[in-house]
């Protein structure tokens with residue numbers, strides 16, 4: 001099974017840290033291998049086309065920005081991304 005790659009984009013603020021923690025929790029709940037990266041570099045955030053943080057990308061596609069998703073919502077997005085392939 002192919003690993004799902006989650007990237008949390010954020011500047012290190014409290015909301016960004018919370019999204020990262022929620023993404024890690026969601027990854028632990030998944031039955032598929034899932035990695036979580038945390039990008040805080042402003043240039044990398046801008047290069048990804050993100051206008052508001054925190055943002056979440058799954059397999060290179062930004063699926064949420066400007067809000068903190070709960071772990072259950074992240075699991076749903078990961079499962080949806082798996083179904084789209």
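Each reported figure results from applying straightforward, stated rules to the coordinates on display, with no laboratory input. Everything numeric here is computed off the predicted structure, so don't read it as measured data. No Cβ is skipped: glycine too gets one built from the backbone with ideal geometry, and neighbour counts run over all protein chains shown.
Numerical summary
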read-out: Label point 7 Å beyond Cα of residue 15 along Cβ direction - residues of region 55-77 with amide nitrogen under 11 Å; value: 55, 65-69
read-out: Pair-distance profile P(r), taking every C-alpha pair of region 4-83, with 5 angstrom steps and integer %; value: 3, 18, 32, 26, 14, 6, 1
read-out: In degrees, nearest ten, helix 71-83 long axis to first principal axis of the chain (Cα); value: 60 degrees
read-out: Helix 14-29 vs. the chain, principal-axis angle (Cα, 0 to 90°, nearest 10); value: 10 degrees
read-out: FRET efficiency estimate (nearest 0.05) - Cβ-Cβ, residue 31 to residue 59, R0 22 angstrom; value: 0.85
read-out: Most mobile of 47, 21, 55 in a GNM of the chain (Cα contacts under 10 Å); value: 47
read-out: Region 4-83: relative contact order in percent, alpha carbon pairs under 8 Å with at least 6 residues between; value: 39 percent
